[in-house]
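**Q** Okay, here's the structure, questions in a sec.
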Amino acid sequence: MKRVATWPQLRARLIHGFDRAASPLLEVVTRPEVFGRSAWLPSLPRFFRRHYLAVRGSWPPIEREPPVQLRTVPGIWRDPVQEQAAFEQGPLHDFVGGNPVAIRFLYRHMWRSMIPVSARLQRAAKVRAAASSVKHSALASEPVDPETLSAQVKAQAERVGLSAVGIAAYDQKYEFAEFHDRKVGDRVIVCVLEQNYESTQNLPSDRAEQAALSAYGEIMELASTLVELLTSRGFRAVLSGPEGQNAMIHYAVDSGLGQLGINGQLLTPMAGSRCRLLTINTNAPLALDHPVDYGIHAICDACKACVRRCPVNAIPGKRDWHRGVLKTKLVTKKCMPIVAQASGCSICMKVCPIQKYGLPAVTDEFERSGRILGRGTEELESFVWPLDGTLYPPGKLPVIPPDVATPPGIVIHAPAGPPPEDAAVRMWS
Ligand code: SF4
Ligand code: SF4
C-alpha cells in the first residue's frame with residue numbers, strides 16, 4: 001500500500017519545487033549587486049536571531065597530549081619539495097571567482113537562509129572593508145617585542161569573544177593567485193568563531209545555514225577589532241572576507257588551531273568544523289604558533305562517519321598526496337550541487353563526533369573502549385534530507401536523482417586561470 005506523505009515530506013517537496021519553478025527570478029534577486037544593497041534594511045531583534053547566533057567566548061587550551069595510539073604528526077603530513085613543485089607548476093586559484101555560473105546557482109538556492117541575515121552580513125562586510133582600508137606609510141617607530149604584541153592580539157580576541165586565534169607565516173603557495181598582489185606582510189592571523197551548536201545538529205537545514213552565515217557576519221565584526229588594534233599601532237592589516245582569498249585551513253593547521261579531518265574540513269578540538277574562519281594578513285612582527293598533533297588523524301581513521309554518510313560519495317575514504325600534502329580531497333563536482341540544493345548539506349559536519357561531542361570526550365571514550373563515541377548511532381549519524389523531508393537513520397541514504405546530482409548547465413571546474421570578466425560573484429569580499 002502506498003504510504004501517505006507526512007507534512008515535512010510535503011513541505012520539502014513544495015520548497016524544492018518552488019526553487020526550481022522560481023529559478024529565473026531567484027537568479028536575479030540573489031545577485032551580489034541586489035543582495036549587496038541590503039545593508040540599509042533593519043535587522044531582526046536579537047530575540048528572533050537567538051536560534052542561530054554564534055557561541056561567544058574563547059576556548060580553553062587543550063593541554064593533554066593525545067594517547068600514544070592516536071599520535072601521528074603535528075599538523076599534517078607535508079612534503080616541502082612536492083609543495084614547491086606543485087606551486088611552480090601552477091598556483092592555487094580562487095574557486096568562487098572562477099566558477100561564476102555554479103556560484104550563482106548556489107546563491108539562488110540560498111535565498112531562504114540569506115534573507116534573515118543578509119543585512120547584518122552586508123553591514124559587517126562594510127566594517128571589515130573600512131578597518132582593512134587603513135594604510136600607514138611607515139611601521140611603528142618604537143621597537144616591538146613579537147611575543148608581547150602577539151599576546152595583545154590574543155587578549156583582544158578573547159575580550160571580544162572570538163573562540164581562538166592562531167598566528168602563521170604567510171605562504172604564497174597557499175594564497176589564491178588572484179590575490180597575490182594584496183599581500184601586506186609576512187604574518188597571517190587566523191580567527192575562529194564557534195557556530196551555534198543546536199542549529200548545527202539540525203544539518204542539513206535552512207536554520208543551520210543561517211547559523212553559518214550569521215557566524216560569518218559576527219566574525220567579520222569581531223576580527224575587525226584585531227585589525228583596528230594593529231593599524232592603531234602603525235601596522236598594515238587586512239581582513240579577508242567569507243569567500244576567502246587563501247587556503248584558510250592550511251594556515252589554521254599550521255598555527256595549531258586544529259587538524260585536517262577526512263571530511264576535508266578543519267577539525268578544532270572544541271567544536272570540530274562547527275566554526276567559521278577568517279584570516280588577517282599583516283606586517284606586524286608577530287610570534288608564530290606551531291602545528292599540533294591532537295590525535296585527530298587516527299580518530300578519523302577509526303571513524304569515517306562522514307565518508308559513509310555523504311549521500312553522493314564525495315569524500316574519499318583514503319588519503320593521497322595532493323600538491324605535497326597527504327590528505328583526502330573532496331570531489332567538488334559531486335559535493336557542490338548537493339550543497340546548493342540541499343540547504344548547504346554539510347552532513348559531513350553534522351555526523352562528525354568531534355563536532356558534536358568535542359575532542360576530549362571522543363579521546364576519553366577511545367582510550368576507555370577503543371571505540372569512537374557515537375559511531376553508528378542514530379543520535380550522531382541520522383539526518384532529515386531537505387529534498388524529501390525523510391529521516392535517514394545510520395545505514396540508509398537518500399537516492400539522489402540525476403538532475404540533482406548533475407544539474408543541467410552547471411559546470412564545476414577547478415579554476416585554472418583568471419576568472420571571466422562577468423565574475424562579479426563575490427558577495428561579501
Ligand atoms: S566524521 Fe569521523 S572521519 Fe569524518 S572528519 Fe569527523 S572524525 Fe574524521
Ligand atoms: S557537504 Fe554533503 S555532499 Fe558535500 S561532502 Fe559533505 S556530506 Fe557530501
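**Q** Suppose only helical runs count, i.e. DSSP H with n ≥ 4. What mean residue ellipticity at 222 nm does that imply for the chain under -39500 (n - 2.57) per run, divided by all residues and rounded to the nearest 500 deg cm²/dmol? Provide the component values of the computation, followed by the final result.
**A** Details: 20 runs with 180 residues, N = 429.
Helix contribution divided over all residues of the chain: -12000 deg cm²/dmol.
**Q** Tell me the trypsin sites (Lys or Arg not before Pro) within segment 1-103 that lie in a loop according to DSSP and have at most 15 other beta-carbon atoms within 10 Å. Let's see the in-between values first.
**A** On the way: sites: 2, 3, 11, 13, 20, 37, 46, 49, 50, 56, 64, 71, 78; in loops: 2, 3, 37, 50, 56, 64, 71.
Passing both the DSSP loop test and the Cβ count: 2, 3, 37, 50, 56, 64, 71.
**Q** Please give the charge dipole size of the chain, origin at the Cα centre, charges +1 on K and R Cβ atoms and -1 on D and E Cβ atoms. Round to the nearest 20 debye. Don't skip to the end; give the middle numbers.
**A** Details: 50 positive and 41 negative charges, 297 e Å.
Using only the charged Cβ atoms, the result is roughly 1420 debye.
**Q** If you don't mind, another one. Looking at segment 334-389, which trypsin sites (Lys or Arg not before Pro) are in a loop (DSSP not H, G, I, E or B) and have at most 15 other Cβ atoms within 10 Å? Could the numbers behind the result be given before it?
**A** Values: sites: 334, 350, 356, 368, 371, 375; in loops: 371, 375.
Listed in order of number, the matching sites are 371.
**Q** For segment 1-97, with only Lys/Arg (+1) and Asp/Glu (-1) charged at the beta-carbon, what is the dipole magnitude about the Cα centre, in debye rounded to 20? Could the numbers behind the result be given before it?
**A** On the way: 14 positive and 9 negative charges, 210 e Å.
Dipole about the Cα centre, nearest 20: 1000 debye.
**Q** First check a/c for segment 275-380, with a ≥ b ≥ c the square roots of the eigenvalues of its C-alpha gyration tensor; if it is under 1.5, answer rounded, and if not, answer prolate when a/b is larger than b/c or oblate otherwise. Provide the component values of the computation, followed by the final result.
**A** Working: a/c = 1.67, a/b = 1.13, b/c = 1.47.
Taking the square roots of the gyration eigenvalues as a ≥ b ≥ c, segment 275-380 is oblate.
**Q** Let me have the relative contact order for the chain, percent, based on Cα pairs under 8 Å that are six or more residues apart. It would help to have the intermediate numbers written out before the result.
**A** Working: 832 pairs, mean separation 106.1, N = 429.
Computed value for the chain: 25 percent relative contact order.
**Q** Can you give me the C-alpha center-to-center distance between segment 23-98 and segment 168-201, rounded to a whole angstrom?
**A** 8 Å
**Q** Something else: Within 13 Å, Cβ to Cβ, of residue 38, how many net charges do the neighbouring residues add up to if Lys/Arg are +1 and Asp/Glu are -1?
**A** Values: positive: 31, 37, 120, 123, 126; negative: 33.
Overall, the nearby charge balance is +4.
**Q** Additional query: Roughly how many whole Å is it from the C-alpha centroid of segment 376-401 to that of segment 312-370?
**A** With segment 376-401 and segment 312-370 each reduced to a Cα centre, they are spaced 16 Å.
**Q** Show me 23-32, 144-153 ranked by packing, highest mean number of other Cβ atoms within 10 Å first. Walk me through the intermediate numbers first.
**A** Numbers: 23-32: 14.0, 144-153: 15.7.
Descending mean neighbour count gives 144-153, 23-32.
**Q** Test of understanding: in a Gaussian network model of the chain with alpha carbons linked when under 10 Å, which of 123, 104, 319 would top the mean-square fluctuation ranking?
**A** For the chain, modelled as a Gaussian network with Cα springs under 10 Å, the answer is 319.
**Q** Once you keep just the Cα pairs under 8 angstrom separated by 6 or more residues, what percentage relative contact order results for segment 102-258? Mind dumping the intermediate values first?
**A** Numbers: 176 pairs, mean separation 59.5, N = 157.
Over segment 102-258, the number comes to 38 percent.
**Q** Springs between alpha-carbon pairs under 10 angstrom, Gaussian network model over the chain: which of 358, 376, 90 fluctuates most?
**A** 90
**Q** Classify segment 239-298: rounded, prolate or oblate, from the alpha-carbon gyration tensor (a ≥ b ≥ c, eigenvalue square roots; a/c under 1.5 rounded; otherwise prolate if a/b is larger than b/c)?
**A** Values: a/c = 2.40, a/b = 1.38, b/c = 1.74.
Verdict is oblate for segment 239-298.
**Q** Also, I was wondering about something else. Among 407, 272, 346, flag the residue with its Cα farthest along the positive direction of the charge dipole of the chain, charges on Cβ as +1 for Lys/Arg and -1 for Asp/Glu.
**A** It is 407, whose Cα lies furthest towards the positive end.
**Q** What FRET efficiency, computed as 1/(1 + (r/R0)^6) with R0 = 51 Å and r the Cβ-Cβ distance, is obtained for residue 43 and residue 81, rounded to the nearest 0.05? Before the final figure, lay out the partial values.
**A** Values: r = 51 Å, r/R0 = 0.99.
Once the sixth-power term is evaluated, E becomes 0.50.
**Q** Taking the chain as a Gaussian network, Cα atoms linked when under 10 Å apart, which of 135, 173, 327 shows the biggest mean-square fluctuation?
**A** The residue with the greatest mean-square fluctuation here is 135.
Every number in this text was worked out from the coordinates using simple rules, so none of it is lab data. Because the structure is predicted, anything quoted here is derived from the model rather than measured. Every residue, glycine as well, gets a Cβ built from its backbone with ideal geometry; the counts of neighbours run over all protein chains shown.
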